[in-house]
Amino acid sequence: MRFLGDVLQTIFGFMLPEQASQGAHLVDDIFNFVTLLSIVGFIGLMGAMTYFIIRYHRSRGEKSAYIPHNAVAETIWTVIPTIIFLGIAFWGIWAYFELQKVPNDAMKINVTGKQWMWEFTYKKDNKEVSVSDIMYVPVNKAVKLDMTSTDVLHSFYVPSFRIKRDTVPGMKTHLAFTATKKGDYRIFCAEYCGTSHSRMRGTVRVVSQKRFDKWLDREISESNVTDPIELGSRLFMRNCITCHTTTDKKKIGPGLQGLFGKKREFSNADGVVANAEYIRESIIAPNTKIVNGFSGQMNSFAGLLSEKEIDYLIEYIKTLK
Ligand SMILES: [Cu+2]
């Protein structure tokens, strides 16, 4: 059977995306067989028709026999196609259930469809991490997806794995697969879900178990950082570094090294000693006190940074000695 399947795959395989999961051939075998059957049927039908057109052409003056019906022929053309089509149906049902099977040692990933992105949540040792767009999975490892949606119907579709299932708000749906080849494979949303439906794409990145473990450990530790100084330094690099250095060098704004506890002089207010309150004010209402020698070029971060984030930034700026 496998030999026949491989032969057909060699002939018709170009029509489908790359097979990159263990169950992919279950789908492709049916597709290939139906394609073969269609081609044989088409040639047979057209061939017989052409033969009859020529053989019984009016110019030959043949008078056809009067045959009102033929029980044998009718039975044959009813029974044989029925067997073939029922066979295809049962084959399809069998393959469907085969693809549903989840090995006991399957790794679980939670998938959430939301307008308009895919989010993947991994758990390890009571810690969890959510990432979007790229779903990492180890090669040759069974994976079970527990899926849901936060808003409308979406459909999680990975053509190269031959898997597709709706994600439904308030309901859990499942998929299982075992990726067999390293590489990147496209994820599509296959259920029209609003304006940016067509851009609701993602990637399955199949990597070695070793790389996967490394990646997951890194993601988990990154997302579980609780050190305020580290968090503050990240916020600073993202929001402030364009105008401030962490040394005493000026950029658009003053260098912030040694700021904490330093006497500040302003062009529009009385001087103060820089403390947490002053730094908070500098972030939320920068123009209340404009440092001598600078102009009011800093925009307020009120509403852009949370109270917590401002605290982290203050903790970080304190360390710039
Ligand atoms: Cu969608």
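Readers should treat all values here as calculations from the given coordinates under stated rules, not as data from a laboratory. The shown structure was predicted, so the numbers you read here are calculated from the model rather than taken from an experiment. All Cβ positions, glycine included, derive from the backbone under ideal geometry; neighbour counts span all protein chains shown.
From the alpha carbon centroid of the range 39-69 to that of the range 152-229 is 56 Å.
The tail of the calculated P(r) for the range 228-318, taken as Cα-Cα distances beyond 18 Å, holds 38 percent of the pairs. DSSP finds beta bridges in the chain, and of those with both partners inside it, around 70 percent are antiparallel. The lysines within cross-link reach of Lys318, meaning a Cα-to-Cα straight distance under 27 Å and a gap of 8 or more places when in the same chain, are Lys249, Lys250, Lys251, Lys262, Lys263, Lys289, Lys308.
To the nearest 10 degrees, how steeply does helix 2-12 sit against the main Cα axis of the chain, on a 0 to 90 scale? Tilt of helix 2-12: around 80 degrees. Can you give the angle from 0 to 90° between the axis of helix 71-100 and the longest principal axis of the chain, with both taken from C-alpha atoms, to the nearest 10? On a 0 to 90 degree scale, this one is about 20. The trypsin sites (Lys or Arg not before Pro) of the range 1-110 that meet both conditions, a loop assignment by DSSP and at most 12 other Cβ atoms within 10 Å of the site Cβ, are Lys63, Lys101.
For the chain, the longest principal axis of the Cα atoms and the long axis of helix 228-239 meet at an angle of about 80 degrees. If you take the alpha carbon atoms of the chain and fit the smallest convex hull around them, that volume is 245 Å³ per residue.
Of all aspartates and glutamates in the structure, those lying under 16 Å Cα to Cα from Lys124, and not within fewer than 8 positions of it along the same chain, are Asp105, Asp146, Asp213, Asp217, Glu219, Glu222.
When you filter the GluC sites (Glu not before Pro) in the range 10-77 for DSSP loop state and at most 14 other Cβ atoms inside 10 Å of their Cβ, you are left with Glu18, Glu62. When the trypsin sites (Lys or Arg not before Pro) in the range 244-311 are filtered for DSSP coil states and for at most 16 other beta-carbon atoms within 10 Å of their beta-carbon, the remaining sites are Lys249, Lys250, Lys251, Lys262. Computed over the chain with a Gaussian network model linking Cα atoms closer than 10 Å, the most mobile of Thr195, Thr180, Thr242 is Thr242. Treating each Cα of the range 107-223 as an identical point scatterer and summing with the Debye formula, the log10 of I(q)/I(0) at q = 0.15 Å⁻¹ comes to -0.61.
When the Cα positions of Thr173, Ser208, Thr319 are compared along the charge dipole of the chain, Ser208 comes out farthest toward the positive end, with charges on each C-beta of Lys, Arg, Asp and Glu.
Pairs with C-alpha atoms separated by more than 25 Å, drawn from the list Lys123/Lys164; Lys214/Lys321; Lys101/Lys181, are Lys214/Lys321.
For Trp91 and Phe42, a Förster radius of 22 Å and the Cβ-Cβ distance give a FRET efficiency of 0.60, rounded to the nearest 0.05.
Basic side chains Lys and Arg get +1 at the Cβ, acidic Asp and Glu get -1 at the Cβ, and with that the dipole of the chain about its Cα centre reaches some 680 debye. In the chain, taking the dipole from charged Cβ atoms about the Cα centre, the farthest positive-side position among Phe120, Gly296, Ile11 is held by Ile11. Note on the chain: with a GNM built from Cα contacts shorter than 10 Å, the maximum mean-square fluctuation among Leu216, Leu26, Leu45 falls on Leu45.
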